[in-house]
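Data first, discussion second: the structure below is written as structure tokens.
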Amino acid sequence: MEAILSVRNLNFYYGDNRALKDINMDIYKNNVTAFIGPSGCGKSTFLRTLNRMNDFIENVKVEGSIIYEGKDIYSKEMEPVELRRRIGMVFQKPNPFPKTIYENIVYGLRKNGVNKKEILDEVVEKTLKAVALYDEVKDKIYKSALELSGGQQQRLCIARAIAMQPDVVLMDEPTSALDPISTMKIEELVLELKKDYTIIIVTHSMQQAARISDYTAFFLNGEVIEYDETSKIFSNPRDKRTEDYITGRFG
Amino acid sequence: MRRIEFEGKERMNRLEKIVKVILTILGLISIFTTIGIIFSLFEETLMFFKEVSIVEFLTGTKWTPLLEPTHFGVLPLVAGTMLIVVIAAFISIPIGLGSAIYLSEYAPKKVRKILKPVLEVLAGVPSIVYGYFALTAITPFIRNIFPETSVYNALSAGIAVGIMTIPLVSSMSEDAMMAVPDSLRNGAYALGATKLEVTKDVVIPTAMSSIVASFILAISRAIGETMIVAMAAGSTPKLTFNPLESIQTMTGYIVQISMGDVPYGSLAYKTLFAVGTLLFLMTFTLNVISRYFVRKYRRAY
Ligand SMILES: Nc1ncnc2c1ncn2[C@@H]1O[C@H](COP(=O)(O)OP(=O)(O)O)[C@@H](O)[C@H]1O
Ligand SMILES: [Mg+2]
């Protein structure tokens, strides 16, 4: 199995607070990897280290390395802006720009000098179809994205991310603000997208992790307690704490 | 378990009623004084227009209410005011917006904590200080570069008014940009946007209506600014767009006449109210427009 990201001895500090402790993990290509664990255990922090979104938080420190395409993403050779074009992100709360649906999707492309109308039109149609939003919004493409429902907005945000044709899509609890039907649609979408992308998803729902992921990492207090194939984690956990968590005994 | 005795609500109700009555009275006082001021302004203005035609007032190009032959064309005063406003806007808008962007998007938290109060203190400096600064610092500086500049000139006063209104623009624009949720910024960063792009494409457009409103308020403030122009811009009503000349603004004229000994009830006395009404209508319109922009912004997200 080919690793697309290799995390080695990663430590992360908010000031003096060590939020991630010696993390080692290989993320496998074209798989869905889920991060589970009680809130505050560092899942979001870890996710953000993967595309350097923590750079915008003041007074933080990263140790260790994350190898992507043979380079450490925290080395000088890696331009964070370039990295984020290749490793996209979808957030917990849908955050479409107060622009049209069309402009939301093509924003990243425009910022990379893609301005040809035929190309942009094609990308908009393709990505909207990919996130199963096309039929719902095809008459509203030039209307404000803020008019969409929460679930539609989140699918638009996924469309916006994949419009960049990234290698990896990071998702931080993408369904936690959504109703069950929208959640189901996003889960189906994730399974569809893994053909073309590597997906890492933080979720507080163990059922969701079990349903959609191939690999699962269980986090506790900034440490990765167990990381394995999802089926093994859920059927035969090696660590007592993992077992306690997935059986609902704490968390 | 012990029964808990609750205090009767009657006493509270009485207090609520009294507070409500007091607040209503205070509200009414402020409304009625405002209406009263506007009413007296309009009344004297009507008296003025019984003697001078509105057309002459609004289209005449000579303003010599105290000199024979008298002319009551307000345009020279309006032009003077506009000159000041344009010069001030060239200073306050770019610098104010620039510092707002810096404070909201670029400055580390520590720097912002220091700079923001400093800017706000700047807004509290009395305008007479700026007037003095214009006369003793800006004017000599200008005259060093352009020796033919008058001692009293529009440029110097305009620059001082501009400096004075910087905090207005920066503070209101910064508040609006800070109110843009970080989630929007992160959304753009995650698509590989640079800081400049995030500011330009996401933060400024989202905060745009408040930013525009801050510009309008600064302009409205510049129109109404009195002390600086009275001190540094001169008192020669002149239909000119040369910033190096001495001019007079509407407010400057009002100060000049109010300080002089114009007989009560005379035509010259009434010009005060006509000019005052025009001034009031201009700033009032601008404030209404600015409120419109702020409200539009609230709906945006
Ligand atoms: N921006 C921040 N500044 C300081 N501490 C933070 C910040 N974000 C998260 N933390 C801390 O880091 C730890 C991990 O948080 P987080 O990664 O958000 O956990 P999770 O996503 O698993 O709920 C928590 O103790 C949290 O308080
Ligand atoms: Mg989280």
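The values are calculated or read from the model by the stated rules, or taken from the named source; none is laboratory data. Computed from a predicted model, the values in this text were never measured in an experiment. Backbone-built Cβ (ideal geometry, glycine too); neighbour counts: all protein chains shown.
When the residues of segment A:165-178 are narrowed to those that are more than 16 Å from ligand 1 (Cβ to nearest atom) and at pLDDT 90 or above, which ends up surrounded by the fewest Cβ atoms within 10 Å (Cβ to Cβ)? So, considering only residues that are more than 16 Å from ligand 1 (Cβ to nearest atom) and at pLDDT 90 or above, the one surrounded by the fewest Cβ atoms within 10 Å (Cβ to Cβ) is A:165. Residue B:100 meets each of the listed conditions (1) without any contact (Cβ under 8 Å) to a residue 40 or more places away in the chain; (2) hydrophobic (A, V, I, L, M, F, W, C); (3) more than 14 Å from chain A (Cβ to nearest Cβ) apart from (1).
With the condition kept exactly as written, say whether any residue in segment A:57-68 is within 16 Å of ligand 2 (Cβ to nearest atom), under 14 Å from residue A:7 (Cβ atoms) and buried (at least 23 other Cβ atoms within 10 Å of the Cβ). Checked segment A:57-68: no residue is within 16 Å of ligand 2 (Cβ to nearest atom), under 14 Å from residue A:7 (Cβ atoms) and buried (at least 23 other Cβ atoms within 10 Å of the Cβ).
I'm checking my understanding of the structure. Among residues of segment A:15-59 that are aromatic (Phe, Trp, Tyr) and either within 9 Å of ligand 1 (Cβ to nearest atom) or touching a Lys or Arg at 6+ places or on another chain (Cβ under 7 Å) (or both), which one is farthest from the other protein chains (Cβ to nearest Cβ)?
Per the stated criteria, the residue is A:35.
Just for segment A:172-216: of the residues that are of a type in the set (D, E, K, R) and in a helix (DSSP H, G or I), which one is nearest to the chain's Cα centre (by Cα)?
Kept after step one, since they are of a type in the set (D, E, K, R), are these residues of segment A:172-216: A:172-173, A:179, A:185, A:187-188, A:192, A:194-196, A:211, A:214.
Filter again for in a helix (DSSP H, G or I), leaving A:185, A:187-188, A:192, A:211.
Numbers: A:185: 16, A:187: 13, A:188: 15, A:192: 15, A:211: 16 Å.
My answer is A:187.
Taking the conditions (1) more than 13 Å from ligand 1 (Cβ to nearest atom); (2) surrounded by 16 or more Cβ atoms within 10 Å (Cβ to Cβ) in turn, residue A:75 satisfies each one other than (2). Summed over segment A:91-118, the residues that are within 7 Å of chain B (Cβ to nearest Cβ) and either surrounded by 19 or more Cβ atoms within 10 Å (Cβ to Cβ) or in a helix (DSSP H, G or I) (or both) give a count of 6.
Taking (1) touching a residue at least 40 places away in the same chain (Cβ under 8 Å); (2) in contact with a strand residue (DSSP E or B) (Cβ under 9 Å, 6 or more places away or on another chain); (3) among the hydrophobic types (A, V, I, L, M, F, W, C) in turn, residue A:210 satisfies each apart from (1).
Of all the residues in segment A:20-55, those that are within 16 Å of ligand 2 (Cβ to nearest atom) and surrounded by fewer than 18 Cβ atoms within 10 Å (Cβ to Cβ) number 3. For residue A:236, the conditions (1) surrounded by 16 or more Cβ atoms within 10 Å (Cβ to Cβ); (2) away from ligand 2 (no atom under 16 Å from the Cβ); (3) not hydrophobic (A, V, I, L, M, F, W, C) are fulfilled apart from (1). None of B:190, B:176 is within 14 Å of another protein chain (Cβ to nearest Cβ) and touching a strand residue (DSSP E or B) at 6+ places or on another chain (Cβ under 7 Å) except B:190.
Can you name every residue in segment A:28-59 that is outside any strand (DSSP E or B) and of a type in the set (Gly, Ala, Ser)? Let's see the steps before the verdict.
As a first pass, look at segment A:28-59 and keep what is outside any strand (DSSP E or B): A:29-31, A:37-59.
A:37, A:39, A:40, A:42, A:44 - these are the residues of segment A:28-59 that are outside any strand (DSSP E or B) and of a type in the set (Gly, Ala, Ser).
Could you go through segment A:60-83 and let me know if any residue there is over 24 Å from residue A:197 (Cα atoms), free of Cβ contacts under 8 Å to residues at least 24 places away in the same chain, within 12 Å of chain B (Cβ to nearest Cβ) and assigned to a helix (DSSP H, G or I). Checked segment A:60-83: no residue is over 24 Å from residue A:197 (Cα atoms), free of Cβ contacts under 8 Å to residues at least 24 places away in the same chain, within 12 Å of chain B (Cβ to nearest Cβ) and assigned to a helix (DSSP H, G or I). For segment A:127-142, the criterion of being within 14 Å of chain B (Cβ to nearest Cβ), in contact (Cβ under 8 Å) with a residue 60 or more places away in the chain and of a type in the set (Val, Ile, Thr) is satisfied by no residue at all.
Residues in segment B:50-62: is at least one hydrophobic (A, V, I, L, M, F, W, C), under 30 Å from residue B:178 (Cα atoms) and out of contact with any Leu (no Cβ under 9 Å at 6 or more places or on another chain)?
No, segment B:50-62 has no match at all.
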